[in-house]
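**Student:** What follows is a single structure, and I will ask about it in a moment.
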Amino acid sequence: MTPGPSELLNYMRRHQGDFESLLRRFVETDSPSLDKEATDRLVDWLQSELIALGCDVTRLAQERYGDHLLARYWPERLGPAPEGQLLVLCHIDTVWPAGETARRPFHITGGMAFGPGAMDMKGGAVQALMALRALSDLGVRPARPVVLLFNTDEEVGSPSSRSFIEAEAQRSKAAFVLEPAVGVKGMIKTFRKGVGGFRIRVEGRAAHAGADHERGVNAIEELASQILRIQAMTDYATGTTLNVGVVSGGSRPNVVPAAAEAAVDCRVSTMAEADRVVAAMKSLQPVNPKAKLTVEGGLNRPPMERTPAIVALFERAKAYAAELGLSLAETGTGGGSDGNFTAALGVPTLDGMGAVGEGGHAQDEYLITKFMPERAALLVRMLQTT
């Protein structure tokens, strides 16, 4: 007999201690994006957990990053699998270096769990494991096979996992991203901005700043002109922002600088706006014809646009949350995630299905532990009915 919403929620709440012990295990294993050895230790443990939960697991070996895990849940007892699949995305890498957990040990105080990566997004990974456990323990039949992808390079743009994410998305009816929710109200993300990056390089000509100033071509001066052009592309009405965030150039005060460069962050709300901004950046020309200008980069995460299909999926989640006695709201963010990739392929995607808390990428990051069972129960309901 399929459990009702209250039985499902009660099951999750009875396992509050398991949520917290799993979270401790996740957090106490450092997993920096650029430390393969450290991250693979977490991958080793997670792989064994997924197998124990009845998943068929494929380990996607990587050279630079930790290995990714692709887990498929559809036990033989469920019989022939229906068409399509449901995709659950979790990243297990963090922005914190190895040894950070030793410096800031995991602890729970006043119903809040603290520790590197606790909210972003190891809490979401815990909720995924507990959802799998509930599917098995309660005999819940998901609507179609559930595929979970745990990647290890999201915090650096998912360079090695993007192709796997997109391949699985193309086989999926919906995607659920267990990134943190927005704020302590646990809002779901139904849109995200696309993210781009550019590097501007200027080549001038060096000269003695006192004896031969007029012979020089000042690369910093040219770059300054380009910075004003780039910053002026920001348009808050359309949600487009460009930020020149890092600048370097020159060698000594008494030398006309021969080289300068800048790194630019770009955020856009739609693909049409992305195309416009990329074209504008690529068409930049030197103000001083004696200077040489090079523009590299482009969009690395397409925007997750709020489509009717995404809205419909959210409304379903909102209704199921109400069945569980929960309130659910939607919003968006300027940050990107792996949900940008799935949504850009036309797959209905809900992001922010993970932990509830605050302080992502900050030393005071925390999640509210009492919400973990509720969010896991909601995920189970979505897997059961989508």
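**Student:** Six or more apart or on different chains, Cβ under 6 Å: which pairs go from a residue in region 284-311 that's farther than 12 Å from residue 202 by Cα to one that's at pLDDT 95 or above and surrounded by fewer than 14 Cβ atoms within 10 Å (Cβ to Cβ)? Could you list them?
**Tutor:** 297/199
**Student:** With the requirement that a residue be in contact (Cβ under 8 Å) with a residue 40 or more places away in the chain and either β-branched (Val, Ile, Thr) or part of a helix (DSSP H, G or I) (or both), what does region 109-123 give you? Walk me through it before giving the result.
**Tutor:** Taking region 109-123 and keeping what is in contact (Cβ under 8 Å) with a residue 40 or more places away in the chain, we get 111-123.
The answer is 118, 119, 120, 121, 122, 123.
**Student:** Turning to a different aspect of this structure: What's the total number of residues in region 1-19 that are assigned to a helix (DSSP H, G or I) and crowded, with 16+ Cβ neighbours inside 10 Å?
**Tutor:** Kept after step one, since they are assigned to a helix (DSSP H, G or I), are these residues of region 1-19: 5-14, 16-19.
Okay, now just the ones that are also crowded, with 16+ Cβ neighbours inside 10 Å, so 5, 8-9, 11-12, 18-19.
Residues meeting the conditions: 7.
**Student:** For region 144-160, what are the residues that are open to solvent by less than 30 Å² (accessible area, probe 1.4 Å) and within 21 Å of residue 379 (Cβ to Cβ)?
**Tutor:** Listed by number, the residues that qualify are 145, 146, 147, 148, 149, 150, 151, 154.
**Student:** Could you list, in sequence order, all residues of region 283-309 that are part of a strand (DSSP E or B), among the polar types (S, T, N, Q) and either open to solvent by 60 Å² or more (accessible area, probe 1.4 Å) or out of contact with any Asp or Glu (no Cβ under 8 Å at 6 or more places or on another chain) (or both)?
**Tutor:** Just the residues of region 283-309 that are part of a strand (DSSP E or B), to begin with: 292-301, 304.
Still in the list and also among the polar types (S, T, N, Q): 294, 300.
Listed by number, the list holds a single entry, 300.
**Student:** Further question on the same structure: Please find, among 133, 144, the residue that is within 18 Å of residue 375 (Cα to Cα), over 20 Å from the mean Cα position of the chain (by Cα) and at pLDDT 95 or above.
**Tutor:** Numbers: 144 fails: within 18 Å of residue 375 (Cα to Cα).
One residue alone meets the criteria, 133.
**Student:** Still on this structure, I have one more. Would you please list the contacts, defined by Cβ atoms under 6 Å and residues six or more apart or on different chains, that run from a residue in region 242-271 that is within 16 Å of residue 295 (Cβ to Cβ) and among the charged types (D, E, K, R) to a residue that is at pLDDT 95 or above and exposed (fewer than 15 other Cβ atoms within 10 Å of the Cβ)?
**Tutor:** Matching pairs, first to second residue: 261/248; 265/243; 265/245.
**Student:** Quick check on region 322-341. Is at least one of its residues assigned to a helix (DSSP H, G or I) and without any contact (Cβ under 8 Å) to a residue 40 or more places away in the chain?
**Tutor:** Yes: one or more hits.
**Student:** How about region 342-353: which of its residues are in a loop (DSSP other than H, G, I, E, B) and within 13 Å of residue 307 (Cα to Cα)?
**Tutor:** Passing the criteria: 345, 346, 347, 348.
**Student:** I need the full set of residues from region 363-386 which are open to solvent by 30 Å² or more (accessible area, probe 1.4 Å) and in a loop (DSSP other than H, G, I, E, B), in order please.
**Tutor:** If the condition is that a residue be open to solvent by 30 Å² or more (accessible area, probe 1.4 Å) and in a loop (DSSP other than H, G, I, E, B), then 363, 364, 370 are the ones that fit.
**Student:** Still on this model: List pairs: first residue in region 49-70 and farther than 21 Å from residue 166 by Cα, second residue open to solvent by 30 Å² or more (accessible area, probe 1.4 Å) and among the basic types (Lys, Arg) anywhere in the structure, Cβ distance under 8 angstrom, at least six positions apart or on different chains.
**Tutor:** 53/133
**Student:** Right, next: Among (1) open to solvent by 20 Å² or more (accessible area, probe 1.4 Å); (2) touching a Ser or Thr at 6+ places or on another chain (Cβ under 7 Å); (3) within 22 Å of residue 378 (Cα to Cα), which single condition is residue 133 missing?
**Tutor:** Looking at each condition in turn, residue 133 falls short on (2).
**Student:** I'm told residue 344 meets every condition in (1) in contact with a strand residue (DSSP E or B) (Cβ under 9 Å, 6 or more places away or on another chain); (2) closer than 20 Å to residue 183 by Cα; (3) open to solvent by 10 Å² or more (accessible area, probe 1.4 Å) except one. Can you identify the failing condition by its number?
**Tutor:** Tallying (1) in contact with a strand residue (DSSP E or B) (Cβ under 9 Å, 6 or more places away or on another chain); (2) closer than 20 Å to residue 183 by Cα; (3) open to solvent by 10 Å² or more (accessible area, probe 1.4 Å), residue 344 fails exactly one: (2).
**Student:** Tally up the residues in region 319-341 that are within 19 Å of the chain's Cα centre (by Cα), over 20 Å from residue 164 (Cα atoms) and buried (at least 21 other Cβ atoms within 10 Å of the Cβ), please.
**Tutor:** Counting residues in region 319-341 that are within 19 Å of the chain's Cα centre (by Cα), over 20 Å from residue 164 (Cα atoms) and buried (at least 21 other Cβ atoms within 10 Å of the Cβ) gives 1.
**Student:** Hey, can you tell me all the residues within region 124-154 that are in a loop (DSSP other than H, G, I, E, B) and under 29 Å from residue 363 (Cβ atoms)?
**Tutor:** Correct list: 152, 153.
**Student:** Which numbered condition trips up residue 12, out of (1) under 24 Å from residue 371 (Cα atoms); (2) within 24 Å of the chain's Cα centre (by Cα); (3) among the aliphatic types (A, V, I, L, M)?
**Tutor:** (2)
**Student:** Would you mind finding the one in 210, 245, 196 that is among the small types (Gly, Ala, Ser) and open to solvent by less than 50 Å² (accessible area, probe 1.4 Å)?
**Tutor:** Testing whether each residue is among the small types (Gly, Ala, Ser) and open to solvent by less than 50 Å² (accessible area, probe 1.4 Å) leaves just 196.
The values are calculated or read from the model by the stated rules, or taken from the named source; none is laboratory data. None of the values given here were measured: they were computed from a predicted structure. Neighbour counts are summed over all protein chains in view; Cβ atoms, including those assigned to glycine, are modelled from backbone coordinates with ideal geometry. Side chains are part of the model used for accessible areas, which takes the heavy atoms of the whole protein and leaves out ligands, DNA and RNA. Shrake-Rupley method; radii C 1.70, N 1.55, O 1.52, S 1.80 Å.
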